[in-house]
1. Give the residues of the stretch 273-298 that are assigned to a loop (DSSP other than H, G, I, E, B), touching a Leu at 6+ places or on another chain (Cβ under 9 Å) and farther than 22 Å from ALA40 by Cβ, sorted by residue number.
2. What number of residues in the stretch 209-260 are hydroxyl-bearing (Ser, Thr, Tyr) and outside any loop (DSSP other than H, G, I, E, B)?
3. Against the conditions (1) buried (at least 21 other Cβ atoms within 10 Å of the Cβ); (2) out of contact with any Asp or Glu (no Cβ under 9 Å at 6 or more places or on another chain), where does ARG247 fall short? Just the number, please.
4. Kindly list, by first and then second residue, each pair from a residue in the stretch 345-369 that is within 10 Å of SER302 (Cα to Cα) and in the same structural domain as GLY317 (by TED's automatic domain parsing) to a residue that is basic (Lys, Arg) and modelled with pLDDT under 95, limited to pairs with Cβ atoms under 7 Å and residues at least 6 apart or on different chains.
5. May I ask you to verify whether LEU182 is in contact with a strand residue (DSSP E or B) (Cβ under 8 Å, 6 or more places away or on another chain), within 19 Å of ARG56 (Cα to Cα) and aliphatic (A, V, I, L, M)?
6. How many residues, within the stretch 428-484, are in the same structural domain as ASP412 (by TED's automatic domain parsing), more than 30 Å from ARG406 (Cα to Cα) and among the aliphatic types (A, V, I, L, M)?
7. Would you tally the residues in the stretch 123-149 being part of a strand (DSSP E or B) and crowded, with 24+ Cβ neighbours inside 10 Å?
8. Just need a number here: residues in the stretch 24-42 that are among the hydrophobic types (A, V, I, L, M, F, W, C) and under 16 Å from LEU151 (Cβ atoms).
Amino acid sequence: MTIHDKISAATVLHDLRSYKSAEHLPREDQLAWKIAEVAADPVEVLPEVTEMIVNRIIDNAAVAAASLARRPVASARAQALCHPYQRGATVFGMSDATRVSPEWAAWANGTAVRELDFHDTFLAADYSHPGDNIPPLLAVAQHCVLSGRDLIRGLATGYEIQVNLVKGICLHEHKIDHIAHLGPSAAAGIGTALKLPTEVIYQAIQQALHVTTTTRQSRKGEISSWKAFAPAFAGKMAIEAVDRVMRGEGAPSPAWEGEDGFIAWLLSGPEARYQVPLPAKGQAKRAILDTYTKEHSAEYQSQALIDLARRMGPRIGDLSQIDSIIIHTSHHTHYVIGTGAKDPQKMDPKASRETLDHSIMYIFAVALEDGGWHHEKSYAPERANRPETVALWHKISTVEDGEWTRRYHARDPKEKAFGGRVEVRLKDGRVISDELALADAHPDGARPFVRANYVQKFLTLSEGIITPEEQRRFLNAAENLSDLGRGDLGQLNFTVSPDRLGAPRPTGIFDWS
């Protein structure tokens, strides 16, 4: 079966390649224009899509609440508060009356959402966290006094474009960070929410691509807090790109197909061919339904393996009797979070939280010992430095298995998988093995997440941070998103006591005194 057979008739495959400057590529045939047409298409949002958008707004708020006092989040918030704006947008943790310029709200809230690596994901030719579209779109919607329905329409577009770019264009093989797909998707979503013309959205998408292309060193070696800031940066840049274009400014064109553009020099070169699926005119934007959230605060490829460790632990019994553990898994898991990355930091108990989050060896060891995973305790320095944990951790390695790689990239939902097979060799020679293709919380997993799970995740992660009254108020607003009128979107913020925001941070340029 060909790719054309596997994609719905409602989807159009856009063929993509680079063009020499002397070749004529009509604007209407450029990818940015095709995306802009999708963004400008005033199709109705399906009820199930609206339902999932509400779920992901709750999901984002949950992980943002849990990260409020962490240093990168406090730093981003402090920067944002230096840019007050009378109308503006809200900042997580602050009162509704505290408003900042929308691009800075997107910066602060985007960092809070991303810090714990704990919100939604989509994996195909590349990877993404499409929930990163929510902070910039919400900030613009608040600032521009839009309604809940306007926000829903914008988010349906943001998810649609990011998911389809991820399906069609692999960035990581060229060491390009996946925020290069987020900038264009956020710009497209903002264009939908504001009901901008195709021409304006087209230019904004290209600007956003141009300024959000960065390298994957942000996820390699000694991973720093920039991993949390990167998507927030893309959202901030998308807002600024739309603003510039609304004022009549243009963009490098054609951004993807140009002779010195994205494909020719940053992807696979002038001979490369790509196919990006997009909805046909008049077709609903359904891509959010292909995405999935996390039950555990760790890189998505570790989700199924944490569940597998939880299942295997009782069968193994005394973990001190383990001689070695081999995780047979996909190319991505092996080379990005496994021993195939050849990053010594992934085996270092003094590594940063961001690095440990990208070490399946560490994650599997802790999940075996603890029978689960905790977003804070599992990363604590005293936890990572426990001698028996370090000993077990260093017995674990990964190998790429062609079948798991094939399933990772499969287009058929029944085939697609993000897990692996684990072989535990004991000192007495016995081998205990098991495998799991999908995380329990995946839509096709053992316990798919539904609204009640998202609500419980929010209540759990915000316990002791957001008061019960404020929890209930936020959830009521989120669950009634479709009914929120113009000026009501500030209700999607939450306020906490100042003592839940962490210790004061050093000043920078913006608050220099």
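The values are calculated or read from the model by the stated rules, or taken from the named source; none is laboratory data. Note that this is a predicted model, so its numbers are computed, not measured. Positions of Cβ are generated from backbone atoms using ideal geometry, with glycine treated the same way; all protein chains shown enter the neighbour counts.
1. Step one: of the stretch 273-298, the residues assigned to a loop (DSSP other than H, G, I, E, B) are 273, 280-286, 291, 293-298.
From the residues that got through so far, the ones that are touching a Leu at 6+ places or on another chain (Cβ under 9 Å) too are 273, 284-286, 297-298.
ARG273, SER297, ALA298 - these are the residues of the stretch 273-298 that are assigned to a loop (DSSP other than H, G, I, E, B), touching a Leu at 6+ places or on another chain (Cβ under 9 Å) and farther than 22 Å from ALA40 by Cβ.
2. Our first condition is that a residue be hydroxyl-bearing (Ser, Thr, Tyr); within the stretch 209-260, this holds for 212-215, 218, 224-225, 253.
Narrowing the set further to residues that are outside any loop (DSSP other than H, G, I, E, B) leaves 215, 218.
The number of residues fulfilling the criteria is 2.
3. The one condition ARG247 does not meet is (1).
4. HIS358/ARG219
5. On the way: in contact with a strand residue (DSSP E or B) (Cβ under 8 Å, 6 or more places away or on another chain): yes; within 19 Å of ARG56 (Cα to Cα): yes; aliphatic (A, V, I, L, M): yes.
Yes; evaluated as a whole, the condition is true for this residue.
6. 0
7. Within the stretch 123-149, the first condition is being part of a strand (DSSP E or B), and the residues that meet it are 123, 127-128.
Right, trim to crowded, with 24+ Cβ neighbours inside 10 Å and you get 128.
So the count comes out to 1.
8. Just the residues of the stretch 24-42 that are among the hydrophobic types (A, V, I, L, M, F, W, C), to begin with: 25, 31-33, 35-36, 38-40.
Okay, now just the ones that are also under 16 Å from LEU151 (Cβ atoms), so 39.
Final tally of qualifying residues: 1.
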